[in-house]
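Following: one structure in structure tokens, then a few remarks.
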Amino acid sequence: MMNKLIGIFMLILLGTFTLNAQQPMKFGHLNSNELMTIMPEFKEMQSQLEADFKVKEDQLAVMQEDLQKKQQEYQQTATALTPAERQAKESEMGEMSQKVQNYYLLAQQQMQAKQNELTAPIIQKLKTAITEVGDENGFLYIFDLASRVPVFNSEKSIDVTPLVKAKLGIQ
């Protein structure tokens with residue numbers, strides 16, 4: 001019985017080596033960052049983000065100018081103001097300063113959200129192209145040099161985790 005098992009195992013092993021000899025494992029690599037930056041969609045996205053950024057930057061500049069004018073005005077007239085008037089002006093400038101900071105933070109968040117929204121379909125298009133190339137050309141893995149991880153792995157790939165677990169005595 002043991003000889004039959006060894007014989008079957010040897011046939012399977014031999015068949016595996018024969019199959020591997022006919023179809024060598026193919027690995028590929030790419031740099032997704034380089035690919036993405038040359039995609040027309042990416043260039044369009046950059047133009048759109050730059051235009052949106054310019055609008056927000058201009059609005060922030062106006063707000064900062066207004067605040068600066070108020071501060072200069074206050075410095076010039078502070079000695080002539082009553083303590084109550086001084087406190088009111090200082091409170092007003094504090095609120096304006098807070099509005100400028102809030103606008104800045106909100107603009108950053110909005111720009112990040114917009115970038116994520118515009119980038120998602122570009123990334124998906126790139127992933128689809130990588131998957132198609134991997135399938136069409138028989139690659140087992142395609143590694144992304146930008147992130148050092150596989151961005152495509154074939155269904156033909158064998159997960160050796162159970163074998164390694166057995167070797168380590170882990171269940």
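Scanning segment 108-121 for residues that are within 11 Å of the chain's Cα centre (by Cα) and hydrophobic (A, V, I, L, M, F, W, C) yields one hit, Ala120. All but one of (1) open to solvent by less than 80 Å² (accessible area, probe 1.4 Å); (2) without any contact (Cβ under 8 Å) to a residue 60 or more places away in the chain; (3) farther than 30 Å from Leu145 by Cα; (4) not aliphatic (A, V, I, L, M) hold for Pro83; which doesn't? Of the numbered conditions (1) open to solvent by less than 80 Å² (accessible area, probe 1.4 Å); (2) without any contact (Cβ under 8 Å) to a residue 60 or more places away in the chain; (3) farther than 30 Å from Leu145 by Cα; (4) not aliphatic (A, V, I, L, M), the odd one out for Pro83 is (1). Of all residues in segment 144-160, those being modelled with pLDDT of 80 or more and either open to solvent by less than 70 Å² (accessible area, probe 1.4 Å) or closer than 17 Å to Pro24 by Cα (or both) number 3. If you scan segment 66-96, which residues turn out to be outside any helix (DSSP H, G or I) and among the polar types (S, T, N, Q)? Residue satisfying the conditions is Thr82 alone. Is it true that Gly28 is outside any helix (DSSP H, G or I) and of a type in the set (Gly, Ala, Ser)? Yes: the conditions hold for Gly28. When Asn137 is tested against (1) under 14 Å from the mean Cα position of the chain (by Cα); (2) open to solvent by 60 Å² or more (accessible area, probe 1.4 Å), exactly one condition is not met: (1).
Listed here are the residues, each with its yes/no results for (1) within 29 Å of Val151 (Cα to Cα); (2) assigned to a helix (DSSP H, G or I); (3) open to solvent by less than 80 Å² (accessible area, probe 1.4 Å); (4) without any contact (Cβ under 8 Å) to a residue 12 or more places away in the chain.
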site	(1), (2), (3), (4)
Glu44	yes, yes, no, yes
Leu60	no, yes, yes, no
Gln64	no, yes, no, no
Lys99	no, yes, no, no
Lys114	yes, yes, yes, no
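Candidates are the residues of segment 116-138 that are touching a residue at least 40 places away in the same chain (Cβ under 8 Å) and out of contact with any strand residue (DSSP E or B) (no Cβ under 8 Å at 6 or more places or on another chain); the one that is farthest from Phe42 (Cα to Cα) is Gly138.
The values are calculated or read from the model by the stated rules, or taken from the named source; none is laboratory data. Nothing here was measured: the structure is a model prediction, and the numbers come from that model. Cβ atoms come from the backbone with ideal geometry, glycine included; neighbour counts cover every protein chain shown. These accessible areas exclude ligands, DNA and RNA; they are computed on the full protein's heavy atoms, side chains included. Shrake-Rupley method; radii C 1.70, N 1.55, O 1.52, S 1.80 Å.
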